[in-house]
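**Student:** The structure under discussion is supplied below as structure tokens; questions concerning it will follow.
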Amino acid sequence: MGSTYDLPKIRVRNVTKGTTVAEAASVANTSETRRTGLLHHERLLPGEGLWIVPCEGVHTFRMKFDIDVVYLSKAKKVLKIRARMPKSRISFCLRAHSVLELPAGMTESTATQAGDQLEFEKLS
């Protein structure tokens, strides 16, 4: 499998707050890409992210950095946020349809919180 840099990209906006959450997040929508996730990354840079769909839970075992985890409904409404999730942890939201993984601190810097509506735009 290629890196997440080879995956389709999306721009993610928080329409509730009028902020950009990710300039170019990768899309993990196959069994292989969902399983691999960010495991081969050294870090996530500001503006990057990974949208895992479908997904109800994530782990950070063998990861090298903390992440913000945003659980989304099918309509891309924020259901739950696990901010600054450290390595070697597990997190779930059984109501979630997908998960957006972001650099640690991104949800705070964009004022993203439960109840906010996100909008995704495919990038070419």
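**Student:** What do you get for Rg/Rh of the chain when both radii come from the Cα atoms and Rh is the Kirkwood radius?
**Tutor:** Taking Rg over the Kirkwood Rh, I get 0.91.
**Student:** Work out, step by step, the length gained on full extension between K87 and T20: first 0.36 nm times the residue separation, then minus their alpha carbon distance; give nm to one decimal.
**Tutor:** 21.6 nm
**Student:** Charges only on Cβ, +1 for Lys and Arg, -1 for Asp and Glu: so what's the dipole of region 4-123 about the Cα centre, in debye to the nearest 20?
**Tutor:** I would put it at about 300 debye.
**Student:** Calculate how many DSSP beta bridges within the chain are antiparallel, expressed in % of all such bridges and rounded to the nearest 5.
**Tutor:** The antiparallel proportion sits near 85 percent.
**Student:** On each of the three principal axes of the Cα atoms of region 64-124, give max minus min coordinate, whole Å, ordered largest first.
**Tutor:** Its Cα atoms span 29, 28, 24 Å along the three principal axes.
**Student:** Which chymotrypsin sites (Phe, Trp or Tyr not before Pro) from region 1-103 combine a DSSP loop assignment with at most 12 other Cβ atoms within 10 Å?
**Tutor:** For chymotrypsin sites (Phe, Trp or Tyr not before Pro) across region 1-103 that sit outside H, G, I, E and B with at most 12 neighbouring Cβ atoms in 10 Å, the list reads F61.
Read the figures in this text as sums done on the coordinates, not as results from a lab. Source: prediction; values computed, not measured. Neighbour counts run over all protein chains shown; Cβ positions are idealised from the backbone, glycine included.
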